[in-house]
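> Let me begin by handing over the structure; questions about it come next.
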Amino acid sequence: MFSSSTLLFLVVVVVVTLLLLDPITSAKEKHVLQTGGHTMQKGTATALNKEFNKNLHPREWGRKLEKMKENIGLENDHHGKIWSNGDYTDMDGNFLGNFL
């Protein structure tokens, strides 16, 4: 039939394949929480609080975004995308900063 090393190899291949296809892992991929806007949406703040284990009011997240924009030389009225991992990008997806 199969040698023990062949069986071990097959088991490893199956386990790695299952880990790569795990829907829980896929769900953790970053996604856009908010695009543009003049205020931090409550749902965006809730998602960031969950991601970073915080309990900040949306206005506090907004202040963090304003400070980030100031630090990287963007105008306060710059509109970009806020991602689930805390990244802030321009509308084309180019990385500008992160909330951490």
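> Kindly indicate whether any position in the stretch 5-15 is at pLDDT 95 or above and surrounded by 12 or more Cβ atoms within 10 Å (Cβ to Cβ).
Taking every residue of the stretch 5-15 in turn, none turns out to be at pLDDT 95 or above and surrounded by 12 or more Cβ atoms within 10 Å (Cβ to Cβ).
> Identify, by number, the condition in (1) of a type in the set (A, V, I, L, M); (2) surrounded by 11 or more Cβ atoms within 10 Å (Cβ to Cβ); (3) modelled with pLDDT of 65 or more; (4) over 15 Å from Asp87 (Cα atoms) that Met1 doesn't meet.
Failing condition for Met1: (2).
> Quick one: in the stretch 80-100, which of the residues that are closer than 16 Å to His38 by Cα and without any contact (Cβ under 8 Å) to a residue 40 or more places away in the chain is most open to solvent (accessible area, probe 1.4 Å)?
Asp90
> Is there any pair with a first residue in the stretch 40-56 that is in contact (Cβ under 8 Å) with a residue 12 or more places away in the chain and a second that is of a type in the set (Gly, Ala, Ser) and part of a helix (DSSP H, G or I) whose Cβ atoms are under 8 Å apart and which are 6 or more apart or on different chains, and what are they?
The qualifying pairs are Met40/Gly62.
> Just the residues that are surrounded by 15 or more Cβ atoms within 10 Å (Cβ to Cβ) and closer than 14 Å to Leu100 by Cα, please, taken from the stretch 61-79.
Those that are surrounded by 15 or more Cβ atoms within 10 Å (Cβ to Cβ) and closer than 14 Å to Leu100 by Cα: Trp61, Gly62, Lys64, Leu65, Met68, Lys69.
The values are calculated or read from the model by the stated rules, or taken from the named source; none is laboratory data. Everything quoted here is computed from the prediction, not taken from an experiment. All Cβ positions, glycine included, derive from the backbone under ideal geometry; neighbour counts span all protein chains shown. Keep in mind that these areas ignore ligands, DNA and RNA; they rest on the heavy atoms of the full protein, side chains included. Shrake-Rupley method; radii C 1.70, N 1.55, O 1.52, S 1.80 Å.
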